[in-house]
Amino acid sequence: MTGFNRREALGAAAAAALLVPGQALAAAPGLDAIGKQRGIRFGTCLGGRGFQDARYRALIAEQCGLIAPENELKWQALRPDAKTFDFARADALIAWAKSVGLGVRGHTLLWQKTERYPKWLIEHDFGTSPRAEAERLLTEHVSTVAGRYAGVLASFDVVNEAVDEKTGELRETVLTTPLGAETVIDIAFRTARAAAPHMQLVYNDYMSWEPGNQLHRSGVLKLLEALKKRGTPVDALGIQSHIGAPGRGNGAPFGTRDEKAWRAFLDDVTGMGLKLLVTEMDVNDKLLPTDIVARDRAVADYAKAFLDSLLIYPQLDTILFWGLADNYSWLQGLTPRPDGLAKRCCPYGMDYEPKPIREAVAAALRGAAQR
Ligand code: GLA
């Protein structure tokens, strides 16, 4: 069986497993199949408890064309200490994805925030030549991970969240103290390119279209311009797309956005020759009303408007949600809704039922121009 046929067969089996007894087999195409008509791939992150859930895996095999390991490729998961790499969890996830015909993209070679570094790295003794030691550690990590998955992962978030949203400046960490922030980022991209010459190399960040994010957007732009100027091999911008979060909107009501500034930002990014990806989308409904019908409608409409704003760019050919169903969304563990109810931020609900946002994503994909 070819990978595609095998996947189709698995998709049908997955759909059957999700059916209520007596219901006819759903003929509706999955989101990735809809996107494929336009040259767009659709996927989700997967990992942890979600990966243990056979029904959830079946839904993903049915609806998605690719996954990103949720945490399994981060330093904290791969690096128990300065000398060791542990690929067991990442490899299991990637092996499953490949076995059902799903692509996998990598996330992330360097999450450039001190609080996301493993404890041993924060406490590491950089010795008498701190510059050389920092460069050695970073180069070893990136070349080992990117090299291992060269030819397996077609795209990787090389650096994640290097820009401080409060200042627009590059963040400082124990690696930037000896090397400088620009050098750290350059080393990560150059090492990744050398280790995996055909991999798409992505800078990933959460800069948003909601009010109060101008400084963050201009900081990301400044970084990308500097990378291009120095000839650092960056191919694309990953737009995380955690939209609707009260903190990101600077206190403005849900749904408020600055479309003009957002468009100007995307024009500047694509004008540099960079591609775009939506890497971690979800809609935070924390402050929306309790009523589920109204809440789901608002989430769906907002998701559609956001995707439409991006899909006008032919440079965008990949959309991933950060969780396909509400039960495994990281947002459930974040600050609770005032009414204590579960959040409804992903295309599918707690019982894997499709919600209006699922149809909004399908409509945005159908409405996109051919890539
Ligand atoms: C960031 C990271 C992701 C994930 C989310 C939610 O966006 O890039 O890896 O951890 O936060 O926690």
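The values are calculated or read from the model by the stated rules, or taken from the named source; none is laboratory data. Note that this is a predicted model, so its numbers are computed, not measured. For neighbour counting, all protein chains shown are included, and Cβ atoms are generated from backbone atoms with ideal geometry for every residue, glycine included. In case anyone asks, the SASA skips ligands and DNA or RNA and just uses the protein heavy atoms, side chains included. Shrake-Rupley method; radii C 1.70, N 1.55, O 1.52, S 1.80 Å.
Given Cα pairs under 8 Å that are at least 6 residues apart, what percent is the relative contact order of region 23-102? Display every interim value, and only then the final one.
Values: 81 pairs, mean separation 22.3, N = 80.
The value is 28 percent.
Where is the GNM fluctuation largest for the chain (alpha-carbon springs, 10 angstrom cutoff): Ala92, Ala33, Ala245?
Ala92
So which aspartates and glutamates pass the test for Lys98, namely a Cα distance under 18 Å, with those fewer than 8 places away in the same chain ruled out?
Within the straight-line limit of under 18 Å, Lys98 reaches these aspartates and glutamates: Glu8, Asp32, Asp53, Glu62, Glu70, Glu72.
Given Cα pairs under 8 Å that are at least 6 residues apart, what percent is the relative contact order of region 206-270? Before the final figure, lay out the partial values.
Numbers: 59 pairs, mean separation 33.4, N = 65.
It rounds to 51 percent for region 206-270.
Considering only Ala294, Ala61, Ala77, give the residue with the highest GNM mean-square fluctuation for the chain, with springs between Cα atoms whenever their separation is below 10 Å.
Comparing Ala294, Ala61, Ala77 in the GNM, the peak value goes to Ala294.
Between Lys119 and Lys166, what is the spin-label point distance in nm, taking each point 7 Å from the Cα along the Cα→C-beta axis?
2.5 nm
Just need the relative contact order of the chain here, percent rounded to a whole number, with Cα pairs under 8 Å and 6+ apart. Provide the component values of the computation, followed by the final result.
Values: 684 pairs, mean separation 58.3, N = 371.
Normalised by residue count, the contact order of the chain is 16 percent.
Averaged per residue, what accessible surface does the chain expose to a 1.4 Å probe, in Å²?
Working: 15150 Å² over 371 residues.
Result: 41 Å² per residue.
How far is helix 88-99 tilted off the main Cα axis of the chain, in degrees rounded to 10, range 0 to 90?
So the helix axis and the longest Cα principal axis differ by about 40 degrees.
Would you mind checking the tilt of helix 259-271 against the longest principal axis of the Cα atoms of the chain, expressed as 0 to 90 degrees and rounded to 10?
Roughly 60 degrees between the two axes.
Roughly speaking, what is the stretch gain from Thr270 to Ser129, that is 0.36 nm per residue apart minus the C-alpha to C-alpha distance, in nm to one decimal? Let's see the in-between values first.
Working: separation 141, 0.36 × 141 = 50.76 nm, distance 3.98 nm.
Gain in length upon complete extension: 46.8 nm.
Can you give the extra length, in nm with one decimal, that the chain gains between Asp308 and Ala194 once fully stretched, where that is 0.36 nm per residue apart less the Cα-Cα distance? Show your work: numbers first, answer last.
Numbers: separation 114, 0.36 × 114 = 41.04 nm, distance 3.56 nm.
Additional length available on full extension: 37.5 nm.
Could you pull out the GluC sites (Glu not before Pro) across region 115-144 that fall in loop regions by DSSP (anything but H, G, I, E, B) with no more than 11 other Cβ atoms inside 10 Å? Before the final figure, lay out the partial values.
On the way: sites: Glu115, Glu123, Glu133, Glu135, Glu140; in loops: Glu123.
Sites meeting the loop and neighbour criteria: Glu123.
Among the lysines, which have Cα under 23 Å from the Cα of Lys119 when same-chain residues fewer than 8 positions away are ignored?
By straight Cα distance, Lys119 reaches Lys74, Lys83.
List the pairs from Lys286/Lys355; Lys229/Lys275; Lys113/Lys286 whose alpha-carbon separation is above 20 Å, in the order I gave them. The partial results should precede the final answer.
Values: Lys286/Lys355 17 Å; Lys229/Lys275 17 Å; Lys113/Lys286 25 Å.
The pairs that break the limit, which is 20 Å between Cα atoms, are Lys113/Lys286.
Which whole-angstrom value gives the distance between the alpha carbon centres of region 290-343 and region 79-125?
26 Å
For Lys222, give me every one of the aspartates and glutamates with a C-alpha distance below 16 angstrom, ignoring sequence neighbours fewer than eight places off in its own chain.
Hits, sequence-local ones excluded: Glu161, Asp164, Glu165, Glu169, Glu182, Asp186, Asp205, Asp235, Asp267, Asp268.
How much length, in nm to one decimal, is gained on full extension between Ser99 and Thr183, taken as 0.36 nm per residue of separation minus their Cα-Cα distance?
The Ser99-Thr183 span can extend by a further 26.4 nm.
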